[in-house]
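Remarks on the structure that follows.
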């Protein structure tokens, strides 16, 4: 018997609560069985020769179906890829949702939520030096700008994030919607203030008149994650290993924590400083976790206060 499995023809997706349910139909495109098995089963497919991550495999299946003009079937696989935090899968998912004339109940909100999460950095990098956030922020902004119910405020906020992260085209789009990117703060996976709270001065006791106290200006925070890459690979069903590299001009302070989907486990966080060009990787650097499927991280200038870090 040949070791090569035949390609499986895919039709409309029937259910997405767990693994996609498929039926065979006569269609022009075929999906390689290896890609389909890796998407639906992950490394449990037993194909040790295939190095493609599960999320990336789902993206491949989605792109093949979309190219064969089966956007409804492609949507489910793209959604699964984005749920697995594959950057290209999230881009495909957002594009397919934006292009659909009719969406299932809750699909638009689910896509917007997934896009917000991806924009904040909860995705596996496309490669060791590429920050996918600018593109994902812009695509999510378009879901708020172009699809009913629209929200100009949210679209402007996300275009401003894309602008701050290096997408020049989004700068003008943010300003058109009334948002000045220069005043916008890019937040990490969890919303955070720009600096710790400054307590208000209380008047002195007794009959003495209250003195006027001017609070000190809060320390500035410098978001540096746009020039620090974190590449995460899934080794098997339970292990993730990462490599982090500083591409910034100055020294940065970074914190990373294990995560499952968008749930961050702060009990397993590690912190370090990285000089320009410095990189860390693997178990010895604290970039290995068992029982998780992603790693969340945030980086600031090494001179910033600790409260500037989102984690």
When (1) over 14 Å from residue 121 (Cα atoms); (2) touching a helix residue (DSSP H, G or I) at 6+ places or on another chain (Cβ under 6 Å); (3) modelled with pLDDT under 90 are applied to residue 262, the one that fails is (1)
Residue hits (the range 19-52; at pLDDT below 50 and farther than 14 Å from residue 78 by Cα) are 21, 22, 23, 24, 25, 26, 27, 28
Of (1) under 11 Å from residue 228 (Cβ atoms); (2) within 17 Å of the chain's Cα centre (by Cα); (3) surrounded by fewer than 18 Cβ atoms within 10 Å (Cβ to Cβ), residue 244 fails just (3)
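For every residue, the table says whether it meets (1) part of a helix (DSSP H, G or I); (2) at pLDDT below 70; (3) closer than 20 Å to residue 299 by Cβ.
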| site | (1), (2), (3) |
| --- | --- |
| 135 | yes, no, yes |
| 149 | no, no, no |
| 166 | no, no, yes |
| 174 | yes, no, no |
| 194 | no, yes, yes |
| 197 | no, yes, no |
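Which of the residues spanning the range 69-84 are touching a residue at least 24 places away in the same chain (Cβ under 8 Å), touching a helix residue (DSSP H, G or I) at 6+ places or on another chain (Cβ under 6 Å) and over 15 Å from residue 139 (Cα atoms)? Break it down into steps so the answer makes sense when it comes.
Step one: filter the range 69-84 for residues touching a residue at least 24 places away in the same chain (Cβ under 8 Å), giving 70-73, 75-77, 79-84.
With touching a helix residue (DSSP H, G or I) at 6+ places or on another chain (Cβ under 6 Å) added as a condition, the list becomes 71, 73, 75, 77, 79-82, 84.
Answer for the range 69-84, where residues must be touching a residue at least 24 places away in the same chain (Cβ under 8 Å), touching a helix residue (DSSP H, G or I) at 6+ places or on another chain (Cβ under 6 Å) and over 15 Å from residue 139 (Cα atoms): 71, 73, 75, 77, 80, 81, 84.
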Checked the range 226-238 for anything buried (at least 16 other Cβ atoms within 10 Å of the Cβ) and out of contact with any helix residue (DSSP H, G or I) (no Cβ under 8 Å at 6 or more places or on another chain); matches are 227, 228, 229, 230, 231, 232
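How many of the residues making up the range 137-147 are surrounded by fewer than 16 Cβ atoms within 10 Å (Cβ to Cβ) and either within 21 Å of residue 123 (Cβ to Cβ) or at pLDDT 95 or above (or both)? Even if it seems obvious, please write down each step before you answer.
Of the residues in the range 137-147, the ones surrounded by fewer than 16 Cβ atoms within 10 Å (Cβ to Cβ) are 146.
Still in the list and also either within 21 Å of residue 123 (Cβ to Cβ) or at pLDDT 95 or above (or both): none.
Within the range 137-147, residues that are surrounded by fewer than 16 Cβ atoms within 10 Å (Cβ to Cβ) and either within 21 Å of residue 123 (Cβ to Cβ) or at pLDDT 95 or above (or both) number 0.
Determine, yes or no, whether residue 66 is in contact with a helix residue (DSSP H, G or I) (Cβ under 6 Å, 6 or more places away or on another chain) and more than 22 Å from residue 240 (Cβ to Cβ).
On the way: in contact with a helix residue (DSSP H, G or I) (Cβ under 6 Å, 6 or more places away or on another chain): yes; more than 22 Å from residue 240 (Cβ to Cβ): yes.
For residue 66, the condition - in contact with a helix residue (DSSP H, G or I) (Cβ under 6 Å, 6 or more places away or on another chain) and more than 22 Å from residue 240 (Cβ to Cβ) - is met.
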| message | Any residue that is assigned to a loop (DSSP other than H, G, I, E, B) and under 28 Å from residue 49 (Cβ atoms) - is there at least one of those in the range 280-288? | response | yes
Within the range 287-309, of all residues that are in contact with a helix residue (DSSP H, G or I) (Cβ under 9 Å, 6 or more places away or on another chain) and over 15 Å from residue 236 (Cα atoms), the one surrounded by the most Cβ atoms within 10 Å (Cβ to Cβ) is 299
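When you go through 160, 132, 114, 152 one by one, which is the residue that is without any contact (Cβ under 8 Å) to a residue 40 or more places away in the chain and within 28 Å of residue 240 (Cα to Cα)?
None of the others qualify; the one that does is 114.
Is there a residue in the range 268-283 that is on the phi > 0 side of the Ramachandran plot, surrounded by fewer than 17 Cβ atoms within 10 Å (Cβ to Cβ) and more than 16 Å from the chain's Cα centre (by Cα)? Working first, answer last.
The initial filter retains those residues of the range 268-283 that are on the phi > 0 side of the Ramachandran plot, namely 277, 282.
Retained after the next criterion (residues that are surrounded by fewer than 17 Cβ atoms within 10 Å (Cβ to Cβ)): 277, 282.
Then drop every residue that is not more than 16 Å from the chain's Cα centre (by Cα), which leaves 277, 282.
Yes - at least one qualifying residue is present in the range 268-283.
The values are calculated or read from the model by the stated rules, or taken from the named source; none is laboratory data. Being a predicted model, the structure only gives us computed values, none of them experimental. Backbone-built Cβ (ideal geometry, glycine too); neighbour counts: all protein chains shown.
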